[in-house]
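Derivation of every value follows stated rules applied to the coordinates shown; laboratory data play no part. Everything numeric in this text was worked out from a predicted model, so none of it was measured. Quick reminder, even Gly has a Cβ in these numbers, built from the backbone with ideal geometry, and neighbours come from all protein chains shown.
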Amino acid sequence: MGKEKLARPERIGTSFNDVASLYDEVRPGYPTEIIDTIVTLAELPSSGRILEIGCGTGQITLPFAVRGYTILALEPGDAMAALAARKCRPYPNVEIVTLGFEAWPTEPEAFDLVVSAQAFHWIQPEYGIAKSAEALKPGGSLALVWHLDVSHDTSFWKATQPIYDVFFPRTSAADTGWLLGAVGRYSEALRVSEVFADPGEMRRAWEKTYSGEDYLKLLNTFSDHRALSVTDRARFFGAIAETIDRAGGSVHRSYETVLLLARRR
């Protein structure tokens, strides 16, 4: 299944930081189509400067770096930031700073684009949108990207539901769409914002089949799964592994990549 519940912000860097290499190996990246769409809709100039919030291991940083943009990327986890910096070393216009967005001293009206991929949901919508607006030049754009797992109707999802009911009883059944709900809150916050105009939403459907080993690695990068006790983690992952074996040894997932983009007034 793989459902990730909102955690306290101070735990985020540590929870992902502990598995930085694994995160980089198995978390899905971002296709050229998404990057091109952001560049086009934001009317990003070739000399544009980008602020990235929560760059992780640089999965969306690198595609922008390859295009020659100047990037300041914030990442609170030191291991994640170090891995992103190594990947972006060939691009001198990229600076990775080990710092969370909330602690970052804003550079007013300094950026053409603020982008955050699979990270902005850790930030309160009103605060994140307001601080992003402060950092943007007039006419600059905010682009928020998420991968949503929409595999709820698959037989494998249904087979793992009882396991999640045991180990995540408060979040298992009711919150399968928690990230979709979070995206909705940011979409609404942009719609009613007085500092952003012309909010738009784009979606791209895609699918991926994981080997059993890779799927277990993927689950190991989810903050709530890692928060289980050692004993419960062993039991949980053992039960999921048995379910994968019964399903033929692989797991097929359906995803949607969602892009929210709005321009600063």
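List of remarks:
- Residue identified as touching an Asp or Glu at 6+ places or on another chain (Cβ under 8 Å) and of a type in the set (S, T, N, Q) among 250, 223, 211: 223
- Counting only helices (runs of 4 or more DSSP H) that sit wholly inside the stretch 184-265, those with at least 2 residues that are among the hydroxyl-bearing types (Ser, Thr, Tyr) are 230-246.
- Complete set of residues in the stretch 107-131 that are in contact with a Gly (Cβ under 9 Å, 6 or more places away or on another chain) and buried (at least 16 other Cβ atoms within 10 Å of the Cβ): 111, 112, 113, 114, 116, 117, 118, 119, 120, 122, 123
- Restricting attention to the stretch 214-252, the residues being within 22 Å of the chain's Cα centre (by Cα) and either acidic (Asp, Glu) or more than 20 Å from residue 16 (Cβ to Cβ) (or both) number 4.
- Annotation note: Cβ proximity below 8 Å between a residue of the stretch 35-59 that is on the phi < 0 side of the Ramachandran plot and buried (at least 24 other Cβ atoms within 10 Å of the Cβ) and a residue that is β-branched (Val, Ile, Thr) and part of a helix (DSSP H, G or I) (sequence gap 6+ or interchain) occurs for 52/61; 55/61.
- Test: residue in the stretch 249-265 that is surrounded by 15 or more Cβ atoms within 10 Å (Cβ to Cβ), touching a strand residue (DSSP E or B) at 6+ places or on another chain (Cβ under 8 Å), among the basic types (Lys, Arg) and farther than 19 Å from residue 158 by Cα: yes
- Test: residue in the stretch 173-180 that is closer than 30 Å to residue 242 by Cα, touching a residue at least 60 places away in the same chain (Cβ under 8 Å), under 21 Å from the mean Cα position of the chain (by Cα) and in a strand (DSSP E or B): no
- If only residues of the stretch 92-106 that are under 22 Å from residue 130 (Cα atoms) and not aromatic (Phe, Trp, Tyr) are counted, the one that is surrounded by the most Cβ atoms within 10 Å (Cβ to Cβ) is 100.
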